[in-house]
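Notes to accompany the following structure.
No lab work stands behind these numbers, since they all come straight from the coordinates. On a predicted model such as this, the values are computed, not experimentally measured, just so you know. We place every Cβ from the backbone using ideal geometry, glycine too, and count neighbours over all the protein chains shown.
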Amino acid sequence: MNYLTLPKIDLHCHLDGSVRPETVFELAVKQGLAKPEDKDTIISSLSAPDDCQNLDEYINCFDLPIKIMQTKETLERISFELFEDAANENVKYLEVRFGPLLHQNLGLSISDIIESVVNGMKRAEAMYDIHGNYILSVLRGMPQDQIEAVIDAGAPWLNNGVIAFDIAGSEKPNFCADFPQFTQYAVNKGYRLTVHAGEQWCGQNVYDAVTTLDAERIGHGVHMKDHSQAYSVVKDKAIALEICPTSNVDTKCVEAFAEHPIGEFYRDGVVVTINTDNRTVSKTTMTDEVRKVVEAFKLTKEDYQQIYTNSVNNSFASEQVKQYLLELKNQFTLS
């Protein structure tokens, strides 16, 4: 089976978790954050260790990439390279999320930061057969006094490179109670809405994200399997889950790939999509993710076409782009 040639869609991919390792090393040396002889150590630090214990340890791998992503030039370059890498493995549509507030260490404005990554994406779109959008994330646990500023700064790019608002970061129980005013503010401005929930904690967070925050999609959502109300509301409302299987194993959201509930979810009619989360941190690609899921859960070509269709229909792409993506689904096979 040639998974590389399959058209693919990735709806859940973090910019700072998907920087090319060679780029991180090059820029770290250039910026005085590393020495040339540190290459092996630097590159090793960018991916989750085999014995990674939890999401918090996994997140440590983002430290150095964020340190180097503090100028307009580096942000544009890294954005371009991510879309280039995705295009080269036949990803046809990519939604990338990032937290603009993490990139202000050298004084960049939020607007400059957003403009830089959008410019990198658009440069890749002009060169390759790929379409994309950016999702603006805020991290749970960070001060909330700048959240509306992020939403306001992204508004000029809505439907022109920026498309949605997201809540991400280390997950704690009942986090949704802190965010209704901000998600409503974003929706009123014209943003679509996705929320990380049910990755690190119980499914109650998934239920709350749908019922309290009106999330259109759920990032991960795995732990809803143990929460009947969350499971029911996601299934009944056809809320799409942005499943990231390898990442979920890395963070111990699930103990082993074979134990991941994505196969059970899919066969029970839950709307699932397959995504990378963090290409570099999880040492993965969309080709890897699709292959692993298809083979582990014995999916057919028709099953993959349905998951691909789920991704198209639940993407935040324009109707024109969606139509193009749907036309591709009958043009491929798994062999």
Going through the stretch 255-273 in order, the residues found to be free of Cβ contacts under 8 Å to residues at least 60 places away in the same chain and in contact with a strand residue (DSSP E or B) (Cβ under 6 Å, 6 or more places away or on another chain) are ILE262, PHE265, TYR266, VAL271, VAL272
Within the stretch 163-175, does at least one residue satisfy the condition of being touching a residue at least 24 places away in the same chain (Cβ under 8 Å), assigned to a helix (DSSP H, G or I) and of a type outside the set (Ser, Thr, Tyr)? yes
Mind listing whichever residues of the stretch 85-94 are part of a helix (DSSP H, G or I) and in contact with a strand residue (DSSP E or B) (Cβ under 6 Å, 6 or more places away or on another chain)? ALA86
Pick from LYS298, LYS252: which is out of contact with any Leu (no Cβ under 6 Å at 6 or more places or on another chain), without any contact (Cβ under 8 Å) to a residue 40 or more places away in the chain, surrounded by fewer than 21 Cβ atoms within 10 Å (Cβ to Cβ) and basic (Lys, Arg)? LYS298
When residues of the stretch 184-236 are filtered for being under 20 Å from GLU148 (Cβ atoms), buried (at least 17 other Cβ atoms within 10 Å of the Cβ) and among the hydroxyl-bearing types (Ser, Thr, Tyr), how many remain? 2
Which residue, of TYR308, TYR304, is under 26 Å from VAL162 (Cα atoms), out of contact with any Phe, Trp or Tyr (no Cβ under 8 Å at 6 or more places or on another chain), touching a residue at least 60 places away in the same chain (Cβ under 8 Å) and in a helix (DSSP H, G or I)? TYR308
Restricting to helices (runs of 4 or more DSSP H) lying wholly in the stretch 1-84: which have 2 or more residues that are under 30 Å from TYR308 (Cα atoms)? 55-59
